[in-house]
Each structure stands twice: as structure tokens, then as C-alpha cells.
Amino acid sequence: MTIDSININNFKSIRKLGIEKPGNFLVFVGANASGKSNIFEALEFANSVYKLGNEAISLFGGNDEIRNFNLPMPFYFKFGNYDDFIDIEEKVDDHKRSILLPLRNTSSYNQFTENFSRIFYGKSQYVKININDDSKLRLDCKNLEKVLGRLLSEREKKEEIIEILQTLIPEFNDIEIVKSEYSKEDRINVYEKNASKPFSGNLISDGTYNILSLITAVLQNDEPQFLCIEEPENGLNPKVVKELVIFFREQCELNGHYIWLSTHSQSLVNVLSPKEIIIVDKKEGQTKIKQIDGLDLHGLKVDEAWLSNVFGGGIPW
């Protein structure tokens, strides 16, 4: 999958936004309510329209919520050299206007439509499409046990997962998916080196569940994926955040994934390079972005430059 550019117009707080030659690993950095989630949701909306047609409009709140600026143009999504105009204008004579969606037949375009996932651990209120099988994680990761169970059933995948977890979780030894004797549902058991029995259910911390979800999302498909992961740092200490960033970079290089994160965490920004950062800010109600590769940091570390407002945005003051 190779992306030359992505352009989004007229979606919630986004009036006009373009990302040129985006890197495979990118992090959208900005304050709360700056519009980071709207960028990822716009990509999710475009992907959902390809699969569901008109039904996607109601799933994302309807025309009034999507078309916040009430511009004459429709929602506009440009993937590389292809233009897609998704018409969500008001009803005409009690009939919805049709969605104008040219079909594409390129490998990159098809990989985006087939292998896109938006991940926001624990945020069930943002789920648009329920996925309850083991094919891939749904947005809130509620089907983690099923997808992780599929991966653990493959010897090489299990060895890879265990190696990663031993780096991220102190005392980690092994992991398995078992059936609960009461509910018959899948359950995660985590074994630690100095514990006599496994930790499961409520005994597993939110941070550990988040780590398992992030690893599972990246490893769920060996084909190039487009993953939009929101606030991956939640519940994690800075060392784990650093190791996960290294893992994301390596997986992008090995498998051609696009892994995009959103954050307002200094710990995460601290381990990034300028080329991996897109600053997100909101001005007069509109989400704006800025690519900062090549910007003079005046000798500051990246996180210090961000918090000192050297980038000219992305902080709440």
C-alpha cells in the first residue's frame, strides 16, 4: 500500500485538510477537542461508505452532524490520485440523493477498503459497526479474546506475541485463551513468573488489556493494514509507550502497514521524530493540521518544542 496524499473536505470540524506524502507511521498531536478524532472518523466514514453505501450516513450521525459547515460541496475524500465525492446533501422530494462513488481497482485502494481499522480501546460509544467474530478487532476491542485466540493458535504468532509481552510487562511468562466454566465465553489467562495461578478477568489491569489490544490489532493481518489508533498511551507507563512506538515502526517497515496514532501525551511525543508528527489545532472552529518535518526546533527536544509552542499550535494555551 502506497499513499501519495489524503485530502478530506467538509466533515464535522474539518473544512479542508490535506496530508501530502504521509509516512507509514504518523502521530497526530494536539489538545483535547482539536479534531484529532474527527480526522480518524472521516477516514472511517469514507471506508464505511465503500462497504455500506447510504447506510453509513445514519451510522455517523446523519447529514447535519457530518456537514457541520453546511458548505455547498459534498463530503470529499481524495486517496492518492483518485477523487471520490460522497454526496450527502439534504433530501430532495423526500428521496435521498445517491452517493457518488467511483469504484477503484488498484491494490492500494483495495487494501485501504479491506484492511482499515480504527481502534479506541474501551470506547464502546464510538462503535459504528459491531464485529463479534475473530476476523479483526472492532473499535472498542470487545472481541479481543476471539482475535487474540486466533493468533495464539498459530505457533509462530504466539511466540512473537510472548516475546513482545515479555518486553512490555514485568514478570510476564505466558498467555492463553480458555473457555469460562460459567459463561462458556472466551477468557484471557495471563501467567506471571512468580505467581502460582493465572490472572484473568477483572484481575488483569486496563493497561495490560490495552497492550494486548494494540499488539493484536497490528498482528491481526499480515497484509498491509491502515490502522488509526487513538490515545494508545492510556494506562501505560512511559517505557511501555516507547517500546510500543518501536514496535509500530518495525511493523510498518516489515509489513507495509500504515499505523497512525492520535495523542496529547508528552511521553509519546518525547520518543518521536519531527517527520512522524502532524500538529492538530483548532482555529475559529476549524481543525487545521501542520506537518513539521524540517522545522527548526532551536535545540529543544521534540516534546519540549511542542509544549513551548515552537510548532505554533497543538497545545491548549
Under 8 Å for C-alpha pairs, at least 6 residues apart: give me the relative contact order for the chain, rounded to a whole percent. 22
Counting only residues 5 or more places away or on other chains, whose amide H sits under 5 Å from the amide H of GLN225 once H atoms are built in the peptide plane? HIS257, TYR258
Rounded, prolate or oblate for region 156-222? Axes are the square roots of the Cα gyration tensor eigenvalues, ordered a ≥ b ≥ c, and the cut-off for rounded is a/c under 1.5. oblate
Sketch the reach of a paramagnetic label on ALA33 as a point 7 Å from Cα along Cα-to-Cβ, and name the residues of region 280-309 whose backbone nitrogen lies under 20 Å away. 280-289
Once R0 is set to 30 Å, what does the formula 1/(1 + (r/R0)^6) return for the Cβ-Cβ distance between THR2 and GLU304, expressed as a FRET efficiency to the nearest 0.05? 0.35
In Å, the Kirkwood hydrodynamic radius of the chain over pairs of distinct alpha carbons? 20.8
Treat each spin label as a single point 7 Å out from the Cα along the C-beta direction, and report the ASN68 to GLU250 distance in nm. 3.8
Cα gyration tensor category, rounded, prolate or oblate, for region 225-285 with a/c compared to 1.5: oblate
In nanometres, the difference between 0.36 nm per residue of separation and the alpha-carbon distance of LYS51 and TYR182 is 43.4 nm
Any residue on another chain or 5+ positions along whose placed amide H is under 5 Å from the amide H of LYS282 is listed here as LYS288, GLY314
Rounded to one decimal in nm, the spacing of the 7 Å Cα→Cβ label points at LYS242 and ASP293 is 2.5
Placed amide H near THR2: partners under 5 Å, 5+ positions off or other chain: SER108
Expected unfolding gain across ILE204-LYS16 under the 0.36 nm per residue rule, minus the alpha-carbon gap, is 63.4 nm
Quick check: the angle from helix 238-255's long axis to the longest principal axis of the chain, C-alpha only, nearest 10 degrees? 70
Once R0 is set to 22 Å, what does the formula 1/(1 + (r/R0)^6) return for the Cβ-Cβ distance between LYS275 and GLU160, expressed as a FRET efficiency to the nearest 0.05? 0.20
Enter the Cα centre distance for the pair region 17-70 and region 264-284, rounded to the nearest angstrom. 19
Need one number: % antiparallel among DSSP beta bridges in the chain, to the nearest 5. 65
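Any read-out appearing in this document is the output of simple, stated calculations on the displayed coordinates, not a laboratory observation. This structure is a prediction, so every number in the text was calculated from the model and none was measured. Note: ideal-geometry Cβ built from the backbone for every residue, glycine included; neighbour counts use all protein chains shown.
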